[in-house]
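First up is the structure itself, then whatever we jot down about it.
The values are calculated or read from the model by the stated rules, or taken from the named source; none is laboratory data. Just so we're clear, the structure is a prediction, and the values are computed from it rather than from any experiment. All Cβ positions, glycine included, derive from the backbone under ideal geometry; neighbour counts span all protein chains shown.
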Amino acid sequence: MPFGYASPEQIMRDKADYARKGIARGRSVVVLQYEHGILFVAPNPSRALHKISEIYDRIGFAAVGRYNEFEALRLGGIRYADINGYTYDRSDVTARGLANLYAQNLGQIFTESIKSFEVEVVVAEVGDTAETDAIYRLTFDGSVFDEHGMTVMGGQAEAVAGRLKERYREGMTLAQALEAALAALTEPGGERPAVGQLEVAVLDRNRPHRKFQRLAGPRLEALVAEAAATAQAAPAAEPGEASAEPPGAAPGSPDAPATGPEGDIDTGSGA
């Protein structure tokens with residue numbers, strides 16, 4: 001046996017452990033459905049380096065891990081979408097096709113390169129109805145997971161996902177969905193991220209043409225305030241349902257308005 005030999009199984013385990021440690025050092029990103037589309041929420045103090053971006057008309061992208069690596073994936077996805085949309089038809093560009101492309105690239109890098117990518121990616125597409133929405137989560141080794149309703153990646157993903165499952169339900173308003181995401185991202189007894197350190201975006205099925213919308217500034221501040229007010233008012237309005245919730249849950253009121261408050265909106269895709 002040559003000196004320095006390591007079995008393929010050991011090499012793959014080492015690569016996987018290395019990638020998982022890098023991803024876990026980042027902050028979690030939450031992606032979940034609400035009544036009019038898909039919501040992305042990520043703690044991110046940087047105004048220049050985005051974790052959440054637009055890929056195409058109906059498709060959004062979110063990632064955690066090493067920035068330069070998932071930015072390369074994002075740019076590759078935009079090129080793929082633009083070429084296929086121009087060559088064939090814009091409706092031929094789908095989240096499923098992008099997920100397959102990313103899976104092939106990540107799988108090839110994981111098996112053939114010395115160092116695997118330290119990234120985890122979500123590709124989401126909003127449909128005409130909630131039943132046609134699509135959320136795909138991809139891991140560093142090219143594995144693809146077809147998620148339903150919600151998903152969490154990066155950081156303490158298991159703990160955040162557990163808190164989110166306690167609060168998530170179908171058909172939530174935007175404010176209720178944001179409240180559920182922020183409650184899940186906040187550790188018990190901890191302080192919530194400041195509004196200025198949040199990156200929030202939606203894929204809104206009611207918008208014409210481009211569905212991606214980045215929420216920032218006064219619009220986000222008002223929406224966070226509405227989410228907090230909704231969470232505080234829900235137990236008083238629905239005492240029977242509130243008592244059935246687990247401790248620390250933040251149920252939302254079904255009578256809350258579906259539309260968010262007015263304010264400035266950044267509709268750019270980020271760089």
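A few points about this structure:
- Of the criteria (1) assigned to a helix (DSSP H, G or I); (2) more than 22 Å from ARG169 (Cβ to Cβ); (3) modelled with pLDDT under 95, which one TYR102 fails: (3)
- Within the set GLU187, GLU191, GLU158, GLU199, the sole residue that is buried (at least 23 other Cβ atoms within 10 Å of the Cβ), of a type in the set (Asp, Glu) and either modelled with pLDDT under 95 or part of a strand (DSSP E or B) (or both) turns out to be GLU199.
- If you check ALA227, ALA194 for being over 24 Å from ASP133 (Cα atoms), without any contact (Cβ under 8 Å) to a residue 60 or more places away in the chain and not β-branched (Val, Ile, Thr), only one passes: ALA194.
- None of TYR88, TYR102 is exposed (fewer than 15 other Cβ atoms within 10 Å of the Cβ) and over 15 Å from the mean Cα position of the chain (by Cα) except TYR88.
- Candidates ASP146, ASP82, ASP133, ASP57: the one that is farther than 22 Å from LYS15 by Cα and modelled with pLDDT under 95 is ASP57.
- GLU238 at pLDDT below 50, surrounded by 17 or more Cβ atoms within 10 Å (Cβ to Cβ) and among the acidic types (Asp, Glu): yes
- Flag if LEU220 is outside any loop (DSSP other than H, G, I, E, B), within 23 Å of VAL126 (Cα to Cα) and in contact with a helix residue (DSSP H, G or I) (Cβ under 8 Å, 6 or more places away or on another chain): yes
- Per this entry, SER116 is counted among residues that are in contact (Cβ under 8 Å) with a residue 24 or more places away in the chain, in contact with a Phe, Trp or Tyr (Cβ under 6 Å, 6 or more places away or on another chain) and under 25 Å from PRO8 (Cβ atoms).
- Taking the conditions (1) closer than 19 Å to ASP133 by Cβ; (2) crowded, with 22+ Cβ neighbours inside 10 Å in turn, THR94 satisfies each one other than (2).
- Selection count where residues are farther than 14 Å from ASP57 by Cβ, of a type in the set (Asp, Glu) and touching a residue at least 24 places away in the same chain (Cβ under 8 Å), scope region 123-138: 1
- Test: residue in region 60-70 that is crowded, with 17+ Cβ neighbours inside 10 Å, of a type in the set (A, V, I, L, M) and in a helix (DSSP H, G or I): no
- For first residues located in region 203-215 and more than 16 Å from THR132 (Cβ to Cβ), partners that are among the small types (Gly, Ala, Ser) and lie 6+ apart or on another chain with Cβ distances below 6 Å form the pairs PHE212/GLY60; ARG214/ALA201.
- All of VAL121, VAL144, VAL152, VAL93 fail the test of being among the aliphatic types (A, V, I, L, M), more than 17 Å from the chain's Cα centre (by Cα) and on the phi < 0 side of the Ramachandran plot, apart from VAL93.
- Annotation for region 134-148: no member residue is of a type in the set (Ser, Thr, Tyr) and in contact with a Leu (Cβ under 6 Å, 6 or more places away or on another chain).
- Scanning region 24-49 for residues that are farther than 20 Å from VAL160 by Cβ and crowded, with 18+ Cβ neighbours inside 10 Å yields HIS36, GLY37.
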